[in-house]
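K.L.:
The structure is given below, and queries will be raised subsequently.
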Amino acid sequence: MDVATRAGVSYATVDRVINGRGSVAEKSRTTVMRAVADLGYVRNVAAANLSQRRVYRFCFVIPEGTNAFFDRVCKIVGAVSPPDGTDRVQIRVERVAAFDAAALAKCLIELSDADLDGIAIVGINDARIDTPIAIMRDKGIAVLAMISDMPESLCDGYIGINNTTAGATAGGLIALSHGGRPGRVLPIVGALTARDHAERIDGFRKTLAATALTIAPLIEGRDRHDLVETHLRAALVADPAITAIYSAGAGNAGLIRVLATLPSDRPRPMVVLHELLPHSRDALEQGLIDIVIDQRPEEEVRRTLALLRCLADRRPLPAARQIVPAIYIRQNLPAEVDPALLEGSAA
């Protein structure tokens, strides 16, 4: 009521100005905002949302295919609930074929006509998605990049690990395993149009440039385990000097099948891959692979929802804190956790 008294207007007018609803004369709006500034008033967003029965409408656009990691992300999204009981959140998930920029652009155009407050997108490097994203943002829909970044001009923020650092870490671990000895490392990605994959390979290459290790021709497996298996079998036959494999993408079930059937007279390459999933966990336990770098998608989803809420409320975004990936070997595997039991989520 102090703001209303100071501005000389009704409480209802102050309510309309502060909460952005209803029509208010420009003179009254200016007077109210001056009173707000003079009194140092801070809007209670939670109380305002409760009084308005605010419903947040968010959408996660997740790649679809044989990538078990993104199935895991969808399961986590499906398990999360609002951090408190004062707001209601409606979460929609759209699956789009992996690495298909045309399909993603079409999906974004359709979503721009939906009643949404914000979306989270796994970014790819393709100009075909630039215009659809610009249309969404012009309509007031917040856009966050999650897991794989996009240019700052296209989104309101990024939630995920530093993928260049992750690739450099993989390169460093492989170099350590060779102890200064020469070797040959085979990199595998889904596609270099995926910014996270491209950044990982960039960090990986820069790290190995200062070592005695050479890099074999890269395999693009499109995150498909059948393609990864076919190309990897051929590469190991054609290049018997390969001493290590770095898989920066998915399709690792195919990689594991190849490792499980290597001839007994051939030493197994040292292997680093991404994401702790049932098949990669089993492979670690069986000694078929050596290291898994996990980007902690539970934390990525939680932070994405928190930032989408900030953007929807027109609040300043909190200072970004880097998500540090977990590095697992057979000896430090965590207990398996159902995403529905995670802190901040409900079954």
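The values are calculated or read from the model by the stated rules, or taken from the named source; none is laboratory data. On a predicted model such as this, the values are computed, not experimentally measured, just so you know. Here Cβ is always computed from backbone atoms with ideal geometry, including for glycine, and neighbour counts include all displayed protein chains. All accessible areas refer to the heavy atoms of the entire protein, side chains included, with ligands and DNA or RNA removed. Shrake-Rupley method; radii C 1.70, N 1.55, O 1.52, S 1.80 Å.
Results for (1) among the hydrophobic types (A, V, I, L, M, F, W, C); (2) within 30 Å of ASN252 (Cβ to Cβ); (3) modelled with pLDDT of 80 or more, shown as yes or no for each residue.
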residue	(1), (2), (3)
ALA7	yes, no, no
ALA12	yes, no, no
ARG16	no, no, no
GLU26	no, no, no
THR30	no, no, yes
ASP38	no, no, no
ARG43	no, no, no
ARG57	no, no, yes
GLY65	no, yes, yes
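K.L.:
May I pose another question? Please pick out the residue among ALA326, ALA306, ALA319 that is free of Cβ contacts under 8 Å to residues at least 24 places away in the same chain and surrounded by fewer than 20 Cβ atoms within 10 Å (Cβ to Cβ).
P.N.:
Testing whether each residue is free of Cβ contacts under 8 Å to residues at least 24 places away in the same chain and surrounded by fewer than 20 Cβ atoms within 10 Å (Cβ to Cβ) leaves just ALA319.
K.L.:
Exactly one condition in (1) under 28 Å from the mean Cα position of the chain (by Cα); (2) open to solvent by 10 Å² or more (accessible area, probe 1.4 Å) is not met by GLY179; state its number.
P.N.:
If we test GLY179 against (1) under 28 Å from the mean Cα position of the chain (by Cα); (2) open to solvent by 10 Å² or more (accessible area, probe 1.4 Å), just (1) comes out false.
K.L.:
Being in contact with a strand residue (DSSP E or B) (Cβ under 6 Å, 6 or more places away or on another chain) and either within 21 Å of SER177 (Cα to Cα) or open to solvent by 60 Å² or more (accessible area, probe 1.4 Å) (or both) is the filter here, so list the residues in the stretch 209-219 that pass it.
P.N.:
If the condition is that a residue be in contact with a strand residue (DSSP E or B) (Cβ under 6 Å, 6 or more places away or on another chain) and either within 21 Å of SER177 (Cα to Cα) or open to solvent by 60 Å² or more (accessible area, probe 1.4 Å) (or both), then LEU213, THR214, ILE215, ALA216, LEU218 are the ones that fit.
K.L.:
May I pose another question? Which condition from (1) open to solvent by less than 30 Å² (accessible area, probe 1.4 Å); (2) at pLDDT below 95; (3) out of contact with any helix residue (DSSP H, G or I) (no Cβ under 6 Å at 6 or more places or on another chain) is the one that ASP313 breaks?
P.N.:
(3)
K.L.:
Can you pull out every residue in the stretch 165-198 that is in a loop (DSSP other than H, G, I, E, B) and touching a helix residue (DSSP H, G or I) at 6+ places or on another chain (Cβ under 7 Å)?
P.N.:
GLY190, ALA191, LEU192 - these are the residues of the stretch 165-198 that are in a loop (DSSP other than H, G, I, E, B) and touching a helix residue (DSSP H, G or I) at 6+ places or on another chain (Cβ under 7 Å).
K.L.:
Okay, moving on. Step by step: first the residues of the stretch 163-176, then only those that are surrounded by fewer than 20 Cβ atoms within 10 Å (Cβ to Cβ) and not aliphatic (A, V, I, L, M), then the one that is farthest from ASP294 (Cα to Cα). Which residue is that?
P.N.:
Top of the filtered list is GLY172.
K.L.:
Same structure again: Quick one: would you say GLU199 is within 29 Å of VAL324 (Cβ to Cβ), open to solvent by 60 Å² or more (accessible area, probe 1.4 Å) and under 25 Å from the mean Cα position of the chain (by Cα)?
P.N.:
For GLU199, the condition - within 29 Å of VAL324 (Cβ to Cβ), open to solvent by 60 Å² or more (accessible area, probe 1.4 Å) and under 25 Å from the mean Cα position of the chain (by Cα) - is not met.
K.L.:
Spot the failing condition for ALA120; the list is (1) modelled with pLDDT under 95; (2) within 17 Å of THR304 (Cβ to Cβ); (3) not charged (D, E, K, R), and only one is missed.
P.N.:
Every condition holds for ALA120 apart from (1).
K.L.:
Can you name the residue in the stretch 275-299 that is assigned to a helix (DSSP H, G or I) and open to solvent by 50 Å² or more (accessible area, probe 1.4 Å) and is also nearest to ALA326 (Cα to Cα) among such residues?
P.N.:
Taking the candidates together, the pick is GLU298.
K.L.:
OK, next. Between a residue in the stretch 177-201 that is among the acidic types (Asp, Glu) and any residue that is buried (at least 24 other Cβ atoms within 10 Å of the Cβ), which pairs come within a Cβ distance under 6 Å, given they are 6 or more apart or on different chains?
P.N.:
ASP196/ASN163; GLU199/ASN163
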